[in-house]
Amino acid sequence: MHTPLRSLLLILSIGSAAACPPGTIPQQGIGWLGCAPVPGTGASQSPIHPAREIWEDRWGAIAVDDAPNSVGIGSASGLKRKSAAERAALKSCKEKGGTRCEVKLSYYSQCAVMVWGARGFTINGAATIEKAAEIGIEKCKGAEDPSCEVYFSDCSYPERVQ
């Protein structure tokens, strides 16, 4: 037997079911009506966090034998340790004919430029090749050298390891 009150409650429950937003389903209990997420589509209990990026510095070095009439210039870049970069640059300098090679610049996570002129050279590091070259050219011209130009450039940027 249907009473007018039961019919009204039935209509209200049907009406509220239609009002649930997408991704939810109607729920009801004694004396209450509502919407709840569809099982399996709500927020998980343990949120998944993206892996944290890990970057490591990479080293570079420039070695020069600046004795008169010397030809020894060596470089290395992209190495994990400063000492490894310096050893590799010294080895490269000696392989190219240097006899008194000396590390003139060790750098990491940046670029290095050697600017050569008629009166000598300068080696500088900076965030970019352009900035390092600008610094080197300014130093060279500041020494009143008329023929300053970039002789060598390289970068040793950080490397993503995770």
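The values are calculated or read from the model by the stated rules, or taken from the named source; none is laboratory data. All of these numbers come straight from a predicted model, not from anything done at the bench. Cβ: placed from backbone, ideal geometry, glycine included. Neighbour counts: every protein chain shown.
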Checklist outcome for this item: Those residues of the stretch 67-114 which are among the β-branched types (Val, Ile, Thr) and either surrounded by 14 or more Cβ atoms within 10 Å (Cβ to Cβ) or at pLDDT 95 or above (or both) amount to 73, 103, 113
Item to check | Search result, residues across the stretch 66-99 that are more than 20 Å from residue 122 (Cβ to Cβ), assigned to a helix (DSSP H, G or I) and of a type in the set (A, V, I, L, M) | outcome: 84, 88
Checklist entry - Give me the pairs: first residue in the stretch 49-63 and without any contact (Cβ under 8 Å) to a residue 12 or more places away in the chain, second residue surrounded by 12 or more Cβ atoms within 10 Å (Cβ to Cβ) and of a type in the set (A, V, I, L, M, F, W, C), beta-carbon distance under 9 Å, and six or more apart or on different chains, which are they? => result none
Next on the checklist: Anything in the stretch 86-115 that is among the β-branched types (Val, Ile, Thr) and out of contact with any helix residue (DSSP H, G or I) (no Cβ under 8 Å at 6 or more places or on another chain)? List them, or say none.
Outcome noted: 99
Checklist entry - Out of curiosity, is residue 130 exposed (fewer than 14 other Cβ atoms within 10 Å of the Cβ), acidic (Asp, Glu) and at pLDDT 95 or above? => result yes
Checklist entry - What do you reckon, is residue 63 modelled with pLDDT of 95 or more, of a type in the set (A, V, I, L, M, F, W, C), assigned to a helix (DSSP H, G or I) and on the phi < 0 side of the Ramachandran plot? => result no
Checklist outcome for this item: Residue hits (the stretch 67-85; closer than 19 Å to residue 150 by Cα, of a type outside the set (Gly, Ala, Ser) and touching a helix residue (DSSP H, G or I) at 6+ places or on another chain (Cβ under 7 Å)) are 73
Next on the checklist: Filter the stretch 116-127 down to the residues that are more than 15 Å from residue 61 (Cα to Cα) and in contact with a helix residue (DSSP H, G or I) (Cβ under 9 Å, 6 or more places away or on another chain) and list them by number.
Outcome noted: 116, 117, 119, 120, 121
Next on the checklist: Condition first: hydrophobic (A, V, I, L, M, F, W, C) and within 20 Å of residue 129 (Cβ to Cβ). Now tell me which residues in the stretch 56-87 satisfy that.
Outcome noted: 59, 61, 62, 63, 64, 73, 76, 79, 85
